[in-house]
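Here is the structure we will look at, set down as C-alpha cells.
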C-alpha cells in the first residue's frame, strides 16, 4: 500500500522535531519481514513514524488485547494485525498467506515478543519469511544516534543456525532504548 505523501511528510516532520534522522528504503523490495529490537513503548511510535517517513506502510503484529474498542479500529488502520497468543492457531501460515494475497506487504516484527528482557528471539518471523519466500530486513532504531530506518537484508537459506548468526552480526552494534532489555540474537535451543 503506497504511503500518502502528506502522511509521509508529517511523519518525517514529527521525527525531525524530536531530533531523529531517517535512512534507507525498500523501494525495490515489495515484500519483506522487517525485524527490530523492542525494549520500550517508544519503539512502536518511532517505528511506525519511521516506516511512514521512508514511504513504507508498516503492517505489524500485536497482542489481541491492544485491539479492543475504538483503539482497535485505529490500530488496524495503521497496519496492526491482532494475534491471539493464547490460541494454538497456525500463525505462520496465516501471515505467510497475507504475502500471497498482497503484492506489496511489509511486515514489521519484534522477535523478542516483549519489551522485557527475554532469553532469546522467537523464530516465528523466520518461518514466516521462509514460508512466504521473502527477505528479512534489519529494522534499526538507534537511540544513541537518533537514527531510524531499514538496514541490511538477509534472504533466508533455511539454515536457521547460519541465518541467526548473520542477524546477530547485523544487530551487534545496535543501540536500543534500554539495552539491558534487549534479548540476545539467538533462537531458543531445541530440546
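The values are calculated or read from the model by the stated rules, or taken from the named source; none is laboratory data. Predicted model only: the values in this text are computed from it and were never measured. Neighbour counts run over all protein chains shown; Cβ positions are idealised from the backbone, glycine included.
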| request: Determine, yes or no, whether residue 54 is within 12 Å of the chain's Cα centre (by Cα) and under 30 Å from residue 155 (Cβ atoms). | output: no
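Limited to segment 47-76, what total is found for residues that are surrounded by fewer than 17 Cβ atoms within 10 Å (Cβ to Cβ) and either more than 22 Å from residue 139 (Cα to Cα) or modelled with pLDDT under 90 (or both)?
We begin by selecting, within segment 47-76, every residue surrounded by fewer than 17 Cβ atoms within 10 Å (Cβ to Cβ); these are 63-66, 68-74, 76.
This time we only want the ones that are either more than 22 Å from residue 139 (Cα to Cα) or modelled with pLDDT under 90 (or both), so: 63-66, 68-74.
Qualifying residue count, segment 47-76: 11.
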| field | From 181, 130, residue being within 18 Å of residue 46 (Cα to Cα) and crowded, with 16+ Cβ neighbours inside 10 Å | value | 181
| Condition test on residue 165, is it under 13 Å from residue 35 (Cβ atoms) and either surrounded by 14 or more Cβ atoms within 10 Å (Cβ to Cβ) or over 13 Å from the mean Cα position of the chain (by Cα) (or both)? | no
